[in-house]
Amino acid sequence: MIDFHRHLDLYSEPSNITGQKVARNMYVLSVTTTPSAWCGTSALPPRNSKIRTVLGLHPQLAHQRIGELPLFDRYLSQTRYVGEIGLDGSKDCKPYWKEQLSVFEHILSSCSNEGGKIMSINSQRAATPVVDLLTTHPQAGVAILHWFTGSKGELKRAIELGCWFSVGPTMLQSRKSQEIINLIPKDRILTESDGPFAKVAKRMAMPWDAGLAVKGIADIWSMPVDEVDHLLHSNLRNLVSK
Ligand code: MN
């Protein structure tokens, strides 16, 4: 199973989760929300696990943590993966739009200077400005738009730009998202849980809920589950070999 966007450090007992057999065998992108969380979160996965810790600065925290950008730049050479980053245009975050733009632009420039990274990106109510900034930073790396909720027009632009998409079980519940998933190129999709933020059946999403996304994608594409599972693993291999 693949969980390409999980906030492992925000579960109340992360070591409990990483220690579970099912979680140990999963390919996980353990995203962080602040550069200062990077060191502690990197120490969570057991040795030889398939968990990769990701350096991030969440757009919802941009105004509070903009001062941590030097720390971000200091750690950047230690990882191939960056996230959670991006822009958030929802009502509560819009007042800090200027700070969000500064942080995201800085991070994209830093990633370009480092030769490009694999990035997990939030584009909630901000798909157009996210795609605009990715367009002006073509060397920043591979962008994976997580939990994409933009329009079909915005999706088309993102696809043309070469973006990837990670899809979770919560996203599968909306009809609009199902239509979006149907339009995502089959060779540019991965699964995620976005736990513990996302909810599945009114409870906190657990890492293995990414498996529900495989089933949901298979239904939307009218394909057998094991074929979709095979495809997702081949996508992951392609992505990391870039
Ligand atoms: Mn997230």
Restricting the range 177-203 to residues that are free of Cβ contacts under 8 Å to residues at least 24 places away in the same chain and within 24 Å of Glu84 (Cα to Cα), the residue that is nearest to the ligand (Cβ to nearest atom)
Arg203
Need pairs with beta-carbon distance below 8 Å; first residue in contact (Cβ under 8 Å) with a residue 40 or more places away in the chain and within the range 97-116, second of a type in the set (Gly, Ala, Ser) and open to solvent by less than 10 Å² (accessible area, probe 1.4 Å); sequence gap 6+ or separate chains.
Gln100/Ala62; Ser102/Ala62; Val103/Ala62; Phe104/Ala62; Phe104/Gly86
When the range 196-219 is checked residue by residue, the ones that are out of contact with any Pro (no Cβ under 8 Å at 6 or more places or on another chain), farther than 18 Å from Ser30 by Cα and among the small types (Gly, Ala, Ser) are Ala201
In this structure, is Arg125 under 19 Å from Leu8 (Cβ atoms) and either in contact with a Pro (Cβ under 8 Å, 6 or more places away or on another chain) or free of Cβ contacts under 8 Å to residues at least 60 places away in the same chain (or both)?
no
Select from the range 94-139 the residues that are more than 16 Å from Leu161 (Cβ to Cβ) and aliphatic (A, V, I, L, M) and write down the one among them that is surrounded by the fewest Cβ atoms within 10 Å (Cβ to Cβ).
Leu101
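Tell me, which helices (runs of 4 or more DSSP H) lie completely within the range 15-93 with 1 or more residues that are open to solvent by 70 Å² or more (accessible area, probe 1.4 Å) and in contact with a strand residue (DSSP E or B) (Cβ under 9 Å, 6 or more places away or on another chain)?
By residue number, 21-24.
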Residue in the range 146-153 that is out of contact with any Gly (no Cβ under 9 Å at 6 or more places or on another chain) and without any contact (Cβ under 8 Å) to a residue 24 or more places away in the chain present:
yes
Does any residue of the range 140-154 turn out to be open to solvent by 70 Å² or more (accessible area, probe 1.4 Å) and either under 27 Å from Ser234 (Cβ atoms) or within 16 Å of the ligand (Cβ to nearest atom) (or both)?
yes
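The values are calculated or read from the model by the stated rules, or taken from the named source; none is laboratory data. Just so we're clear, the structure is a prediction, and the values are computed from it rather than from any experiment. Positions of Cβ are generated from backbone atoms using ideal geometry, with glycine treated the same way; all protein chains shown enter the neighbour counts. Heavy atoms of the whole protein, side chains included, go into the accessibility calculation; ligands, DNA and RNA do not. Shrake-Rupley method; radii C 1.70, N 1.55, O 1.52, S 1.80 Å.
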